Amino acid sequence: MADAALPAEETDVVLGDLGVLLLESGTSVTDVRGSLEQVAQRAAPDAALEFAILPELVMVSRPGASAATTTVIGKGEALTFRQSARAGRLVRDLESGAAPLTVAHERMASIRATPRRLPGVQSVLGCGLLSLSLAALFRCPWWAIVLALVVGMLVGGLTLLMMRVRAAAAVAPFVSAFGSTIVVGAVASTLDLGPVPLFAVCAPIAILVPGALITNALLELTATDIVTGASRLMYGLIMLAFMAAGVYSGAALTGLRIDSASAALVGEAVTLSTDRGGWEALPPLWMAWCAVIVLAVGVGLAFGSGFRLTVVCVVVMTGTYAVLAVFSPLVGSVVATGVAAAVLFVAARVLERVTLAVPATVSFQPAFLLLVPGTVGLVSLASFDAQALVSAPMMFLSLCIGTKVGALLADLARITRSTVFLRWARPARMGEL
């Protein structure tokens, strides 16, 4: 039945605000439209509503004699993982009819007002742990792992400050990449360490790499959301170029050289070895599993997951790493990325339907630090590595195809309709952390 307690105009406003909430939680415009259509069918089945979605704007139209259109503009404030999870539950309740549209406004206000303790401290510490764990996961030497922790926290603090000023936020990717590379290059030059591993440079700034933004842009393009997909893709490439320019400039000033034999993808890390000892030794292979857990904790702190969702992050990222570790030696890193994306998407949809009711918007997102090859594109631009320039587009396409296949399998299994949720599809902002 239609929600008779709300007049038509207020129904349109609530639906528009719901769409903005989903955009703030990182849902792609394709999926926002699908969710709003399902909610509208439940709340107002007699109204022929149409939706136009842009990255920060939702338009709700009622075709006919009046041709009324309601426009709701978002503030661009990204939600934490915990808020995104609550937003996902609200949408599920509205789609299933478990909650009427009359309570949506109150619940959305409650979601936006969800408190977060010491957000700045959590963000900086989360960036540090994320950087340290990536350096360990990709088997950098011990000195690089310790340095990644320190530089990651510095980058987190610097970006947090710059994001408070609109003009400074535009150059934050360049400044963060430049500052991080300067510190790493200065340490490598002082200690005469020679060529440094890839992730000694990339780990501290990995959280800013727009790999998921570019991936989601490709997904939206394939879903015929041309305007949004093209704009996201262009912004992601510009952001990637800014970061590459920062790495290149910092490396040129300090004489930093990147070790071409270091690991760029998860599947390549297991093949690394060295005969050096002490601080230049590589961590043992078994520590990669510990690094994945620390990475999940860092993601939880950086993106405000809370304890329960952090546990979900640990499970999801451990499972993703296991799939990559098994399939990479068998079929190569490119195909393994697509397989992992497909398996993870189906698993996220299954998890969404169990008692925990964890939305796929949250459970699917943390694994992107392991799946998205954004660092490959970053370093290929900064070092003019021809092989990496070829590998990066193939990895992005593999990830897109794997995600689409996972959505198809989930749909065929009647787990859910075919939708894809990617939170990290927006440019990384410390407001998200």
message: Condition first: under 30 Å from LEU160 (Cβ atoms), open to solvent by 20 Å² or more (accessible area, probe 1.4 Å) and of a type in the set (Gly, Ala, Ser). Can you find one or more residues in the range 89-100 that meet it?
response: no
message: Of all residues being modelled with pLDDT of 85 or more, in a helix (DSSP H, G or I) and touching a Leu at 6+ places or on another chain (Cβ under 9 Å) in the range 85-102, which is farthest from LEU22 (Cα to Cα)? Just the residue, please.
response: THR102
query: Do we find a residue being more than 17 Å from the chain's Cα centre (by Cα), open to solvent by less than 10 Å² (accessible area, probe 1.4 Å) and farther than 30 Å from ILE53 by Cβ anywhere in the range 201-212?
result: yes
- request: For the range 17-59, enumerate the residues that are in a strand (DSSP E or B) and more than 21 Å from GLU77 (Cα to Cα).
  value: GLU50, PHE51
- request: Pick out the one residue from VAL150, VAL175, VAL146 that is open to solvent by less than 50 Å² (accessible area, probe 1.4 Å) and among the β-branched types (Val, Ile, Thr).
  value: VAL175
query: Any chance the range 298-308 includes a residue that's among the basic types (Lys, Arg) and open to solvent by 30 Å² or more (accessible area, probe 1.4 Å)?
result: yes
field: Top-ranked residue in the range 160-173 [being in a helix (DSSP H, G or I) and not charged (D, E, K, R); ranked as nearest to PRO119 (Cα to Cα)]
entry: LEU160
field: Residue, modelled with the highest pLDDT, within the range 231-261, restricted to residues that are under 16 Å from PRO204 (Cα atoms) and of a type in the set (Val, Ile, Thr)
entry: VAL247
- request: Within the range 72-116, count every residue that is under 19 Å from GLY26 (Cα atoms), among the β-branched types (Val, Ile, Thr) and without any contact (Cβ under 8 Å) to a residue 60 or more places away in the chain.
  value: 3
task: Please report, ordered by residue number, the helices (runs of 4 or more DSSP H) entirely within the range 293-376 with at least 2 residues that are β-branched (Val, Ile, Thr) and modelled with pLDDT under 80.
output: 333-353, 360-363
task: Output the number of the condition that VAL20 fails; it satisfies all remaining conditions of (1) open to solvent by 10 Å² or more (accessible area, probe 1.4 Å); (2) under 23 Å from ASN216 (Cβ atoms); (3) at pLDDT 85 or above.
output: (1)
task: Answer yes or no as to whether VAL155 is assigned to a helix (DSSP H, G or I), in contact (Cβ under 8 Å) with a residue 40 or more places away in the chain and closer than 26 Å to SER333 by Cβ.
output: no
- prompt: In the list GLY255, GLY236, which residue meets the criterion of being open to solvent by less than 20 Å² (accessible area, probe 1.4 Å) and of a type outside the set (Lys, Arg)?
  reply: GLY236
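Look at PRO195 and say whether it is in contact (Cβ under 8 Å) with a residue 40 or more places away in the chain and within 19 Å of GLY255 (Cα to Cα). Steps first, please.
Details: in contact (Cβ under 8 Å) with a residue 40 or more places away in the chain: yes; within 19 Å of GLY255 (Cα to Cα): yes.
Against the criterion (in contact (Cβ under 8 Å) with a residue 40 or more places away in the chain and within 19 Å of GLY255 (Cα to Cα)), PRO195 qualifies.
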statement: Exactly one of SER176, SER180, SER133 is assigned to a helix (DSSP H, G or I) and closer than 25 Å to TRP286 by Cβ, and that residue is SER133
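The values are calculated or read from the model by the stated rules, or taken from the named source; none is laboratory data. Here the structure is a predicted model, which means the values were calculated and not measured. With ideal geometry, Cβ positions are generated from the backbone for all residues, glycine too; neighbour counts draw on all protein chains shown. To get the accessible areas, we keep the full protein, side chains included, count just its heavy atoms, and leave off ligands, DNA and RNA. Shrake-Rupley method; radii C 1.70, N 1.55, O 1.52, S 1.80 Å.
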